[in-house]
1. Considering only LEU73, PRO93, THR122, whose Cα is most displaced toward the positive end of the charge dipole of the range 60-176, charges sitting on Cβ of Lys, Arg (+1) and Asp, Glu (-1)?
2. As an exercise, use a Förster radius of 41 Å and the Cβ-Cβ distance of TRP312 and ARG199 to find the FRET efficiency, rounded to the nearest 0.05.
3. So between LEU10 and LYS155, what do we pick up on full extension, going 0.36 nm a residue minus the alpha carbon distance?
4. For VAL63 paired with ALA117, estimate the spin-label separation in nm (one decimal), with each label point 7 Å from Cα along the Cα-to-Cβ line.
5. Skipping prolines and chain starts, which residues have an amide H placed within reach, meaning under 5 Å, of the one on ARG121, given they are 5 or more residues away or on another chain?
Amino acid sequence: MLSVYVDLALGLVVSFLLLSLLVSGLNEAVVRLLSIRSKFLWAYLRDTLDGAGKTGSWLPAKVRDVFTRLPFLHDPRPRYSKLPAPAEPGGLPDPEAREDDSVITLLYERVREIDHAKRGRTSIANIPPGRFAVAVMELAAGEDGDVDRFLAKLKAIDSPLYGHLKGIWETAQRDLDRFRQGVETWFDGEMQRLTMLYRRYVKWVVAVLGLAVTLLFTMDGFEYAKTLLRDNAFRASVTAVAEAGPDAYNELKARCTGEDPMPCVTETLSQPALVKMMSQALVSVSIPEQGEPSMHWNGGLWWDRISTPSHWPGFLLTYVALLFGAPFWWDVFRRITGIKSRR
């Protein structure tokens, strides 16, 4: 009995792991296609360095803005440049000559060596805290290394960065090395906060994709569990017949239609429960023994399963399982199988 329950748990975990990986892959494809990570970073940097734009904060305030306003309406990323960073960092502009992207342009000049173009915009999605701190020190060097003058110019152009750097400068007691370390620590904390905000928004995308995958494959978790148990029972029956000899052959023959039960046994054993469940998706793929794989449209069967209330609890079970994510199910799989992670 213990083996039956282990097989049941392992079968469920593998199915949830595979579907969770599909959800994660779709989510990653959407994020990469829309360059969400890069736009999130530069939206934060614009708010922090140059302040809010004419339409308000660059960072999205709603989930809808993450996938409408941010990707399509107001791209916060600087335009790509293949030139290396200037030998001399540019100085901050005078308040009269200030533009909406004055400071962000200066920052991009200091970090664009690691850049490559993506539809004419920067593709940088991560700036290490140490590199950001060095970039700030380089910008301060553009004011002859006078941090007080640098901060005064930031204040004059109403850059929100002034308040952050002013506090760090005073805390460092006007020591340049401690100031650089303070900027690095502050930016590292800001990136952690930004990552939490990003995940808060993206989890809604994972929730939508999880629902779509569950309904696309009509994956009824309860039905799948019962199918696993029936498969195990059938395999046990076949094993018992094989061990009992010819006298028990008639029992197996009675359970399978036709004169010869061997095709029935072969077909059942070669189609595990997971394959049976996946064949009930809206579009399924069959791989014959000979010939090319073929795709099948299962619109009628799919709609019957979707519109049958008895399947809904199983759909809910699968959907909730997918929300745990692929890392969770991989960890459960390792614990069941005894696979050890590399250290």
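1. Of the candidates, LEU73 comes out farthest on the positive side.
2. Working: r = 29 Å, r/R0 = 0.71.
Step by step, r from the Cβ atoms, then E = 0.90.
3. 46.1 nm
4. Reported label-point gap for VAL63 and ALA117 is 3.7 nm.
5. TYR80
Throughout, read-outs are computed from the coordinates displayed, never taken from laboratory work. Everything quoted here is computed from the prediction, not taken from an experiment. Heads up, the Cβs are rebuilt from the backbone with ideal geometry, glycines too, and the neighbour counts pull from every protein chain shown.
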